[in-house]
1. Give me the pairs, please: first residue somewhere in the stretch 574-588 and more than 14 Å from MET623 (Cα to Cα), second residue anywhere and at pLDDT below 90 and of a type in the set (Ser, Thr, Tyr), beta-carbon distance under 6 Å, and either six or more positions apart or on two chains.
2. In the stretch 272-297, which residue that is in contact with a Lys or Arg (Cβ under 8 Å, 6 or more places away or on another chain) and aromatic (Phe, Trp, Tyr) is nearest to TYR336 (Cα to Cα)?
3. Does LYS311 qualify as being basic (Lys, Arg), in contact with a helix residue (DSSP H, G or I) (Cβ under 8 Å, 6 or more places away or on another chain) and free of Cβ contacts under 8 Å to residues at least 60 places away in the same chain?
4. Between TYR269, TYR187, which is at pLDDT below 90 and either touching a Lys or Arg at 6+ places or on another chain (Cβ under 9 Å) or within 23 Å of LYS311 (Cα to Cα) (or both)?
5. Taking the stated definitions as given, is ASN676 at pLDDT below 70 and loosely packed, with under 15 Cβ neighbours inside 10 Å?
6. Looking for whichever is among the polar types (S, T, N, Q) and assigned by TED's automatic domain parsing to the domain that holds LYS324 here; the options are THR262, THR231. Which one fits?
7. Is it fair to say SER252 is free of Cβ contacts under 8 Å to residues at least 60 places away in the same chain, crowded, with 22+ Cβ neighbours inside 10 Å, closer than 14 Å to ASN181 by Cα and not acidic (Asp, Glu)?
8. Is it true that some residue in the stretch 329-339 is aromatic (Phe, Trp, Tyr), at pLDDT below 55 and part of a helix (DSSP H, G or I)?
Amino acid sequence: MLLQNQTYNQPDSIKVKILTEIYRQYMRMKDVERTEDYVDRTIQLAQKLKLKKFSALAYYRRGLFYHGRTDYVRAEENYLKAVAEYNQIRNLDMVAGTYLNLGALYSIIPDYAKALEVNQKAIAIYEKMGNEQDMASCYTNISSIYQDLGKISQSLIYLKMALKVFLKEGENSRGVGVVYNLMGSAYLNASSDELIKMGTNVQQRLKLALENFERSLKTAEMLKDNELISTNKKSIGNVYNELGENDLALKSYQKAIQISKTSDDKSIYAECLYALGNFYEKQKDYENALVLYANCFDMAKRANLLEIKKKSVLGLSDVYEELKNYDKALAFYKEYILIKDQIFNADKEKEITRRQMQIDFGFKEKDYQFKQKITNIELQKQVLLAKQQQQALFLKQQQLALSDNEKALQRLAFLKKQVDLEIEREVQNGKFERAKLRAKYETSLRDRQINKQEQQIKFDWRVKIFLSVAITLVLLTAIIIFFNQRKTTRLNKIISTQKRKLEHLSRVKDRIFSVVSHDMRTPVNSLISFIQLLEGGAIEQEKLTRYAASLRNNLTYTSTMMENLLNWAASQMQGFNPYLESLDIHNVVLEVVKSLKDQAEQKNITLESSIAADTICKADANMLSLIMRNLISNSIKFTPKGGQISIESSEMPGYLAIKIIDTGIGLTAEQINHFNKPGFLGAGVSTLGTDKEKGTGLGLMLAELLLV
């Protein structure tokens, strides 16, 4: 094409077509400089030949070229020129298409008011033409605007309208892929109020979002549309991030970055970098987060993507704050404020520019009218100019006559000035000498002051050393006194605690001896009386049986009391030294149940253990058996006839819980508080069972000691 352009020199429509094909090739090669050159050549020749369709097409394609390179200022400029050219040749289809592209551009900037305006203009044209497909593209743009404005439910209405049209082309059209992606974003970003308007709820939000993104991804992969693939990968990563699927989220983000890196649309690549950086920040991987945020900021800065630049700078500020690097955090936060202001000022500047254009137009119109008036009086001005020239000649003659007088006056002024300068020089010399003498005097005074200050500094230094040593000695003395006093206080606390424990043990011992002295007497006396009756031989068999049963109950009670008393005495003399070993709790509990089976059967009580075999736990076998015996005995004592006692276990983190559950009378809240209060003296305090059984009053206290 370049060779053909060199050989063909006729300035006609064929030349325009050759230039058009050349700049299209340079656009594909992404050669900005040569693209600009050949687009300008095409436009100049097309306008010269009044071939507006070629100049309009050149503006439109150059707008697309800069749009893809995220140079939105140049893209907007060329799109608007294309609209003007297409309007002149009444090509409404291309006018609407250009408005459609402008709508997408304004949405990215963002300038939502303009975006809605141009999309509405495009829709009006497409409605007249009956072009449903391009009208659906307008609906897609409008839905994206409403999403950015937070009106998700309104966005979904436009998306459904667009999808209905795009599906006529088939599931694998790009329009369908874009709509499904935006639907996924709608569900992902919707608030709870918007979800209600959309006819769904918070629980279904992520599921619906993921379904739509996967549909869009499937279409994008069929079309091999890398920009749409990377957008969907990033969006799927956002869903997995919210679901807590960190591995899947990370893979999606990395794939999105890998694909979008080669894309011309740098805004998608920057968004993917930001998404992964945000993911690492939430995972507290601040090192990777910093790298990605920095890359995102550089990309946004190069492509002039203010919104993404603002988000990445805020992310950098947050990460440095988490790392406690407050200087950098503050610096980036200041940058964030500046970018926010820049976004605001950019909008303000656009408004000012529009105003200036209106004012400029008014001035041009007035200037045109003024020029028209000037044309009418041009001849009058020429006449006046001739008169002015005559007057100027007369004045010049007068000036020549005066010039000799002025020269004489200037010479006198020069001589006077020379004398004045000589006088001033003498005065300056006198001032200089006086200044030198004063400087010497001030220097001597300053030297004396410096000597005094040096002596004062040495004296102050000695005083500081003396005070520092004195303060150090005082502090050391205070520290020694403080630690000695604290040690004394700690020893006093230990002695007080031991004293209270000894007093407590003494009271318990006295209480136990009082119980033993009282409760041992009755069964022993009963045994003596029973032996006397047996010696006499004059006792009936029925009475003998009744007395024997009564004596057995008394001796059983006495035996239990003695066993508990001996265990308590052992704990007080040498303390419990548990031997921990892995026990099958099922077997330990089974032995205790067997030993108490007869006692339970006397009251027709069902005693069962549901602890599974091979339930292993570390414990002291004797202590565990003693505790279980006392607790199950209490359950039998306070369970009425025909009752039920069950033993269960449940595994908890770090320990095994054993539960003894009975259908007995239980404990009142007052009794529970009494047992649990500090300094509980339960020895000898016993309540009769459901069959008037007596207790020793030692079992519960002993179980508590063993458990502690």
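1. HIS586/THR615
2. Selected residue: PHE297.
3. Spelling it out, LYS311 is indeed basic (Lys, Arg), in contact with a helix residue (DSSP H, G or I) (Cβ under 8 Å, 6 or more places away or on another chain) and free of Cβ contacts under 8 Å to residues at least 60 places away in the same chain.
4. TYR269 is the lone residue from the list that is at pLDDT below 90 and either touching a Lys or Arg at 6+ places or on another chain (Cβ under 9 Å) or within 23 Å of LYS311 (Cα to Cα) (or both).
5. When the stated conditions are applied, ASN676 passes them.
6. None of the other options fit; the residue is THR262.
7. no
8. The answer is no, given that none of the residues of the stretch 329-339 is aromatic (Phe, Trp, Tyr), at pLDDT below 55 and part of a helix (DSSP H, G or I).
The values are calculated or read from the model by the stated rules, or taken from the named source; none is laboratory data. Fair warning: this is a prediction, and the values are worked out from it, not measured in the lab. Note that we place each Cβ from the backbone using ideal geometry, even for glycine, and neighbour counts take in every protein chain shown.
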